[in-house]
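A.B. asks: Let me give you the structure first, and then I'll get to my questions.
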């Protein structure tokens, strides 16, 4: 029967038409959630982690808080350095100019919960006649983390000299050039939200669902002992494997599987990620310039 | 690690697939032929030189196992792409695997296909049980005597399981360790098997008359 299935599958492949697709519309449509059918397993999945709302007030590790503060300070210093450079080259006013957004699209539809503006930006220095005389590098230097977009110029136009009420040019500037104040916990919250969009974690134990379904559908003798489901037929889909662990737990979410051996049916239940455990375990590995959460 | 090592690895798999195919005809379900264990979690992709990090630094979003090893399917795919394809900085900004197909097309000049080639990224869309999708690398392809694709061999890393694996997957078959990929992402400038940005010859059995290739 299984050989026949494979043969039919090969026939399908033979007759399938290749469809190279370069249009982004097709690409978008295939990102849509699809359904799989594992008839012997009732699946209760956790919500997708990429749209998880990262809580406020998480108990961040002191290591992560300290490192986040260093990043914020470093970004502020870089900004001040560029302002000084532009000022020394004759700029009197500085504009903050937005660059094209890099983190965009479906994964970032909730980005406003963490950051006000996800555009990279650069500074342009204007002389007294309003002519652009210098330009900064792009900020943030690490564009991949939403946390890095929190430190920005407080206003889009600022003065690098003392303002003068009699100078009409100063009427349109918004004070001195400073950055927004950012807390380490706000940085870490945005950074974790980014990591949850970038990470591909196989939903705690849901990758086991096809294996459970296979075991239940096969003719193997099913036994459950010590929190494991045993089925010799599993070796036909995973080399050397004869059992499946029926529960697991990690800060990225746990799972439990209950099996009705007689009916050859199972229920899979996943639990959501443990944000508090993730926050407590946030760390910085040697040589890394970012916080690791998982 | 250099491009040569990775290319040799791919070539070994291509040759190996030709020799191994007759026995594969007996298999019916998608099969995981190599499952690494904690302590030697990169074993199944040892031929590639991957040890948990990649030059695109996608690995910064990997999970970190108790033994300090890093794991994610996207990092492994990025690693292989770096050494087998031309440099493509857009990959650094890709999100979780479910978005790789659309982001590769929109930002990295890639194309999508239903017909795999060696070196492609095998891609799985998000599903209720695989909510961030999945990616792997196509290491080998076997064909029937009529030229149809019989099976593909993939290798991957897994952030949840924190191990690497190799799998044999059959077109149209969902049963087994994981279903057959939804699409194949083809990045520009595949270098393995001779360099110069061209595609390598595809492993084949019997007579091929142009079927199954692009």
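A.B. asks: Which of the three applies to region B:3-186, rounded, prolate or oblate, going by the alpha-carbon gyration tensor with a ≥ b ≥ c and a/c under 1.5 meaning rounded?
C.D. replies: rounded
A.B. asks: Going highest first, how would you order B:161-167, A:245-251, A:282-288 by mean Cβ packing within 10 Å?
C.D. replies: B:161-167, A:245-251, A:282-288
A.B. asks: Follow-up question, since we're still on this one. How many nm separate the modelled label positions at residue A:124 and residue A:235, each set 7 Å beyond the Cα in the direction of the Cβ?
C.D. replies: Label-label distance for residue A:124 and residue A:235, simple model: 7.1 nm.
A.B. asks: Let me ask something else about it. Provide the packing ranking of B:139-149, A:212-222, B:119-129, A:253-263, i.e. peptides ordered by the mean count of other C-beta atoms within 10 Å per residue, highest first.
C.D. replies: B:119-129, B:139-149, A:212-222, A:253-263
A.B. asks: Right, something else. Between residue B:37 and residue A:44, how high is the FRET efficiency from 1/(1 + (r/R0)^6) when r is the Cβ-Cβ distance and R₀ = 30 Å? Nearest 0.05.
C.D. replies: Once rounded, the FRET efficiency stands at 0.55.
A.B. asks: A further question on this structure: Take peptide B:136-146, look around each residue's Cβ out to 10 angstrom, count Cβ atoms belonging to other protein chains, and average those counts.
C.D. replies: If you average over the peptide's residues, the count of other-chain Cβ atoms is 1.
A.B. asks: First check a/c for region A:62-198, with a ≥ b ≥ c the square roots of the eigenvalues of its C-alpha gyration tensor; if it is under 1.5, answer rounded, and if not, answer prolate when a/b is larger than b/c or oblate otherwise.
C.D. replies: It comes out prolate by the Cα gyration axes.
A.B. asks: Shape verdict for region A:51-115, please, from the Cα gyration tensor: rounded (a/c under 1.5), prolate (a/b greater than b/c) or oblate.
C.D. replies: oblate
A.B. asks: Let me ask something additional. Which ordering of B:43, B:169 is given by a fewest-first count of other beta-carbon atoms within 10 Å?
C.D. replies: Least crowded to most crowded, the residues run B:43, B:169.
A.B. asks: Then there's this: Would you tell me the mean number of C-beta atoms belonging to other protein chains that fall within 10 Å of each C-beta in B:60-70, as a whole number?
C.D. replies: Across B:60-70, the average partner-chain Cβ count within 10 Å equals 5.
A.B. asks: Counting other C-beta atoms within 10 Å, which of B:32, A:239, A:80 has the fewest, and how do the rest follow?
C.D. replies: Result, fewest neighbours first: A:80, A:239, B:32.
A.B. asks: For B:36-43, what's the mean count of beta carbons from other chains sitting within 10 Å of each residue's beta carbon?
C.D. replies: 0
A.B. asks: Mind sorting B:113, A:64 by how few other Cβ atoms lie within 10 Å of their own Cβ, fewest first?
C.D. replies: Exposure proxy ranking, most exposed first: B:113, A:64.
A.B. asks: Using Stokes-Einstein with the Kirkwood hydrodynamic radius over Cα pairs, what translational diffusion coefficient do you get for region B:62-108 at 37 °C and a viscosity of 0.692 mPa s, in µm²/s rounded to a whole number?
C.D. replies: It comes out at roughly 284 µm²/s.
Laboratory data are not the source of any read-out in this text; all were calculated from the coordinates shown. These figures come from a predicted structure and were not determined experimentally. Don't worry about glycine lacking a Cβ; one is built from the backbone with ideal geometry, like all the others, and counts go over all protein chains shown.
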